[in-house]
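The next block holds one structure in the form of structure tokens; read it before the comments.
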Amino acid sequence: MIWLEEFAPGQKFVSKALRLDAAAIKAFATQFDPQPFHLDEAAARDSFFGGLAASGWHTAALSMRLLVESGFRPAGGIIGSRADELKWPRPVRPGDELHVQAEVLEVRRSDSRPNQGFIKCRTTTLNQKDEQVQVLVMNLLVQARPM
């Protein structure tokens, strides 16, 4: 567990890798984002994506899993309070191997609740070619060390 006072701008955390297959892309899409380019290879070929692509929300969920399983362990858990940026610069395809890099951008104690504060993090999800597939800048609530 990492207390608020132990975070500093510039700290970086890297996750392990996770490989995604077509079955997982389709299973997520069936339940949460049932659009043809996430469900059917033939329909996907004729779409904007030019082939089967994971939902951005699937990428976000996988990114969260990778982050939780990494060494990034804010005291109190990974609790988002506000997103400043979320983008998906390129699609995630079957066979892609994803990993997450998180970088602390800012650390600040709460004025109204001195037992907690916020860290701003940029979490970048990359594929096996180190191409960005998701960039998320999020403000996280973190517990301060008990006094």
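Read-outs: derived from the displayed coordinates by stated rules, not from any lab. Just so it is clear, the model here is predicted, and its values are computed rather than measured. Please note: Cβ atoms are built from the backbone with ideal geometry, for glycine as well, and neighbour counts cover all protein chains shown.
Of the peptides 115-123, 79-87, the ranking by mean beta-carbon count within 10 Å, highest at the top, reads 115-123, 79-87. The C-alpha atoms of the chain define a longest principal axis, and helix 56-69 lies at about 40 degrees to it. The alpha carbons of the chain occupy a box of 60, 27, 21 Å along the principal axes, longest dimension given first.
Skipping prolines and chain starts, which residues have an amide H placed within reach, meaning under 5 Å, of the one on I2, given they are 5 or more residues away or on another chain? Those qualifying (amide H under 5 Å, at least 5 residues apart or on another chain) are R73, A75. The angle between the Cα long axis of helix 22-32 and the longest principal axis of the Cα atoms of the chain comes to about 70 degrees, rounded to the nearest 10.
When the helices of the chain are scored as -39500 (n - 2.57) per DSSP H run of n ≥ 4 and the total is divided over every residue, the value at 222 nm lands at -6500 deg cm²/dmol. Scanning residues 5 or more positions from Q116 or on other chains, those with amide H under 5 Å from its amide H are S110, A144, with H placed 1.01 Å from N in the peptide plane. Close amide H pairs (under 5 Å, H built 1.01 Å from N) link Q11 with V104, residues at least 5 positions away or on another chain. This model, with +1 at the C-beta of Lys and Arg and -1 at the C-beta of Asp and Glu, gives the chain a dipole about its Cα centre of some 380 debye.
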